[in-house]
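A short write-up of the structure that comes next.
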Amino acid sequence: MSKIAKKTGTIVTFYSYKGGVGRSMSLANVAVMLANWGYRTLIIDWDLEAPGLENFFKDFISLQKAKSKPGLIDLLTSQMGEKVKPVSWQDCLVNINIAESKSGVKFKDKLYLITSGTVDDDYYSRVRGFDFTEFYQKHDGGNVIDNYRKEWKSEFDFVLIDSRTGVTDIGGVCTIQLPDMLVLLFTPTNAGFDGVRKVAAKAAQGRKLLPEARVKLLNLPIPTRMDNTESELHFDWIQKFKEGLEELYAPWLPESVDRTEFLLMTKVPYTPYYSFGEGLPVLDKAAKDPARAGYAYEALAALIAKQLNDAKYLLNSRGDYLHSAADPGLDLSYLEEKEAYRNANVSLRQKEYDYDRSISESYSQIKSQRKLRLAAIISITITGIALIVAAYFYLKSKTKEDSQQPTKDALALLALQDSIKRLDAQKTYRVKLPAPYTQFGKAGKPIGIDISRINVVSNWDSLKATGIHFVLMQATTGSNYQDRLFSNNWLNAKKYGLIRGAYHYYRQNVDAEIQASNYFATAKLEKGDLPPIVDLHAVVSLDQEKIILPLLRSLQEHYHAKPIIYATYATAKLLAQVPGMTEYPLWIGVFGNNNRPTSGPLLLNPQLPKGWQTWRFWQFTTEGSLPGVLNEKTKLDLNQFNGDRAALNELLIK
């Protein structure tokens, strides 16, 4: 029974212009998610020249039985004459059931497969001998395919077609006659990207020539095999995709949705583990990891289940969007109010900030004018005194023969210049922070934020205008995770003149060199950036020193700078027992002894456990907020540097 009441099913073709993009893998994983959500789903292997879709389900079906069943080529051939054995599409069905998986996926009698055909010695002869022109012209192939289409749509909620690559007769059937939606998959290559756009245009024109009128074909572009390790190349290709896909997005994605963010949310990342064999990452616990393919397949399945409706909610309300995909009756209208409230709140905060800033600037101008008048008087007075003193010493020096005097003058001049630079670096900085943290912004110490994928910087101009000095951002975790927003954050922080820091979230019991390699490949630290940062707050036992110390040494050797370590009070207390650990610059976390008290005044300095003499950064709250930053289910982490700007500059990579 169809899950979508009183509605015909949807046929979705997965197409790629070139091979090697992960098209079949994407289809197989989306099919599993749709079936798990309760949708009756049929998948059909139309890639007759390169069959094998059944291999993705080898753990749940008998491959021998699946390959011995009739399939698509047998179904089509049976329509070519009376002498051919009749085959119905029902004869071809392979039932796929999943009893249980690591991620909780479980379903029965919801997912069916039609293979490319019976795999025997005669298979490729049957494929090569099948003539689509003859099929259409002499055997009424167009109506045959249309009848199959109607029957499949009446029996299933979703029919997923695995199409042949390139421009072929089969490709035309799959991209023009059969589908209601095209999923266009492409890697960051010009040939693949240009190819899918041309096929989308050709499909749109071809639909107009069909005998029966059809609704407009929807196109869902999906970048695949996106490697996050080359951050600048990654960013450049995302921008190229954004510019080239507007025509495909326009019919269903509102203009207000940031195309770059949507591409980052829907791209399928390159996952080395799944480049071997045929895998179903949606069945793994890692499907919840944004850097893994399973996370992307969940989003892709939800977009298909929703038939691209309400796609704007995928960015800021992903969990709600996935729930609505699993439950077609779920009303998402409340998200409109939620989104309106979020936007109004951000707008109000921005207006408050702009108002406070304008008042502050006006007051500063008045003060500045007064200071300038006073400074002019003082300057004239000092200049007069200096001239008198200079004249005295000049006349005195004329009576002496001192060959060393030019050298002394030069040294004095250099010392004066150095003092001026030092005084400039030590000037008081004021950062506009929300209550109750305003006093931190007035303390004169550099202030910054730390962010990850849950903090979306929506307006870097507004963030920069607050006066913050640095941004610490998550780059990697463990052996192979890369934060999906790191590349954009890294490039924008530099663009807006903010000091950058990239941190690695340490995973216990994962080899030090493997973790270091993940960080090296992702965090391209440059002159003027902070040294590498390692988040060690998950460490709970001293046996981890066998991994931690080699990791820190490896990072120091690679970047020629001593790494900074992040730790809570409890972790720092534990690490202090490891010889040499307290020599590393400490970024102390807010948790534990340094948590904000529920009553009484705020802590103005962090508490340090025995063994630590000082700290470099202090995460004084995780409850902050700043204009330009949107946060998903959490607030913003604010940090203070222990020193002036000159001291912060000294810490940077030279």
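The values are calculated or read from the model by the stated rules, or taken from the named source; none is laboratory data. All figures in this text were calculated on a predicted structure; none of them were measured in a lab. Because the Cβ atoms are built from the backbone with ideal geometry, glycine has one as well, and the counts that use them run over all protein chains shown. Quick note on the areas: whole protein, heavy atoms, side chains included, nothing else; ligands and nucleic acids left out. Shrake-Rupley method; radii C 1.70, N 1.55, O 1.52, S 1.80 Å.
Things to note:
- Given Lys527/Lys635; Lys312/Lys432; Lys202/Lys312; Lys240/Lys432, the pairs whose alpha carbons are separated by over 29 Å: Lys527/Lys635; Lys312/Lys432; Lys240/Lys432
- Using the alpha-carbon positions of region 29-158, Rg (one decimal) and Dmax (whole number) come out as 15.6, 51 Å.
- Cα Rg over Rh - region 236-276, Kirkwood: 1.09
- The stretch between Glu583 and Ile61, if pulled fully straight at 0.36 nm per residue, gains 182.2 nm over its current Cα-Cα span.
- Where region 248-317 is the region considered: accessible area per residue in Å², 1.4 Å probe: 35 Å²
- Only the Cβ atoms of Lys and Arg (+1) and of Asp and Glu (-1) were treated as charged; on that basis the dipole of region 441-569 about its Cα centre amounts to roughly 480 debye.
- Computed with a 1.4 Å probe on the full set of protein chains, the accessible area for Arg553 sits at about 120 Å².
- Share of carbon and sulfur in the accessible area of region 1-105 stands at 52%, probe radius 1.4 Å.
- Toward the positive end of the charge dipole of region 84-127, with +1 on the Cβ of Lys and Arg and -1 on the Cβ of Asp and Glu, the farthest Cα among Ser101, Leu113, Tyr123 is that of Ser101.
- In the full protein context, region 190-234 carries 53 Å² of accessible surface per residue, based on a 1.4 Å probe and ignoring ligands, DNA and RNA.
- Estimated FRET transfer efficiency when R0 is 22 angstrom, pair Gln556-Phe591 (beta carbons, to 0.05): 0.25
- Each Lys and Arg contributes +1 and each Asp and Glu -1, all at the Cβ; summed about the Cα centre of region 513-618, the dipole is approximately 280 debye.
- Region 448-503, accessible area per residue, ligands and nucleic acids excluded (1.4 Å, Å²): 25 Å²
- Gyration tensor verdict on region 490-630 (Cα atoms; rounded if a/c is under 1.5, prolate if a/b is larger than b/c, oblate otherwise): oblate
- Here the dipole of region 1-147 is about 720 debye; that uses its Cα centre as origin and unit charges on the Cβ of Lys and Arg (positive) and Asp and Glu (negative).
- Note on region 107-218: with neighbouring protein chains present and a 1.4 Å probe, carbon and sulfur make up 51 percent of its accessible heavy-atom surface.
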